[in-house]
Amino acid sequence: LAGLIPNTKYYFVIKSVDSSDSSILGISAELSFTTAAAPSLIPALSISVVPEVDPETIPGYIMVPRSSVVFAHYLLDASQSQADVSVSSMEALLTGPSSVSSACTMYDGGDSALSGVTGASRGAVKFTFSSPIIIPVGGSKLLTLKCDVSMSATVSVGGAYSWGLGPTVDTVDP
């Protein structure tokens, strides 16, 4: 049988006829069966962070002020998912001695701005996307975090800034 709805009860009767299809030999009592529930599609997302090493600077040092400094790449991987994954926001974690920038923006691969924040300070920084990012089953999406480094972003001797993954990634049903 094809086209049946999952988790639905169906009723039927069996009618038997002779080989010429002219005489009814019998009709069964009403019988029923229930189709199995639809398989659960579990969205699964893994995220890895790849810090950016800027070839124009001494590792760990950035000349300020500077615009659009790439700090990190975030790989959103749905290769183990059984359903599309939709991400509405995520947190990135800024470590360092104080605030780093006047503005930070999360980009889709590097070109299209998805979400921005102003005045990123040490700790979890939430990026809320204007429309959810859809990662198809078996696919992945690379996000790039760029910040404008302000003149006030001074680092004490031996200090450094880095971006990692914050504690929260909000997914929604696609």
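The values are calculated or read from the model by the stated rules, or taken from the named source; none is laboratory data. What you are looking at is a predicted structure, and each value in this text was computed from that prediction instead of being measured. When we count neighbours, we look across all protein chains shown, and the Cβ atoms used for this are built from the backbone with ideal geometry, even at glycine.
The figures follow:
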read-out: Residue satisfying all of: in the stretch 3-56; at pLDDT 85 or above and closer than 30 Å to S79 by Cα; surrounded by the fewest Cβ atoms within 10 Å (Cβ to Cβ) among these; value: G3
read-out: Residue satisfying condition, being surrounded by fewer than 16 Cβ atoms within 10 Å (Cβ to Cβ) and modelled with pLDDT of 60 or more, within set S81, S102, S68, S89; value: S68
